[in-house]
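The structure under discussion appears below in the form of structure tokens.
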Amino acid sequence: DTLVVNGALLGSGLDDIGDCDVNFDGKIRLAGLTVEQKPASIDVKYRWRCLKPVDRNYWCFTHILDEQNKVIGYLDHQVLGGEPPMLQWREGEVAVEHLRYVFQPRYPESARRLRVGLYDLPSGERLKIVMSSRAEGMELSLTDDGTAILVDLGSNAVKANAKKPHNTIR
């Protein structure tokens, strides 16, 4: 007899991520995204799904933009801090992460949008978005020649994973 156990312990709040569907070149899917803007910070939760093994360790870029689309902060990071590296991901595997950006005093409450995508750090090459069709409670649109999504945070602090449906990427 053999018992095989496979599972993961998710940190508090990591199981509450709004659904979305952004397909990066048929390789990686952003399957969940939640954004919560607070007076002095912004929290972003991501759920990534491996659609097929990749040949590079892609990084996520998340640029925090103000009303004039000027970058006021960065949440660029190696997905899961590189543990395990994306090169080791297998089809169907899911990665969940939570990042927090604390604003400098001159920028509080001025974040209006996020620009999110995947890129190869050594070359700077971005993965193209080949299909995107849903976002739970968020306004999303394609930008940067189809290599990023814009997440509209609205005119005031919002929790972007509200359970009501919204328009999605066009």
field: Cross-link partners of residue 45 among aspartates and glutamates (Cα-Cα below 12 Å; sequence separation of 8 or more within a chain)
entry: 15, 16, 19, 36, 97
- prompt: Separation between the residue 43 and residue 2 pseudo-spin-labels, each 7 Å from Cα along Cα→Cβ, expressed in nm?
  reply: 4.1
- request: For a label point 7 Å from the Cα of residue 91 along Cα→C-beta, name the residues of region 46-84 whose backbone N is under 20 Å from it.
  value: 48-58
- line: For 91, 67, 125, 139, the accessible-area ranking with a 1.4 Å probe, largest leading, is 91, 67, 125, 139
- prompt: If the cut-off is a Cα-Cα distance under 16 Å, which aspartates and glutamates reach residue 38, setting aside same-chain residues fewer than 8 apart in sequence?
  reply: 66, 109, 152
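The values are calculated or read from the model by the stated rules, or taken from the named source; none is laboratory data. In this text, all values refer to a predicted model and were calculated from it rather than measured experimentally. Here the Cβ is made from the backbone with ideal geometry for all residues, glycine too, and neighbour counts use every protein chain on show. Ligands, DNA and RNA are excluded from the accessible area calculation, which covers all protein heavy atoms including side chains. Shrake-Rupley method; radii C 1.70, N 1.55, O 1.52, S 1.80 Å.
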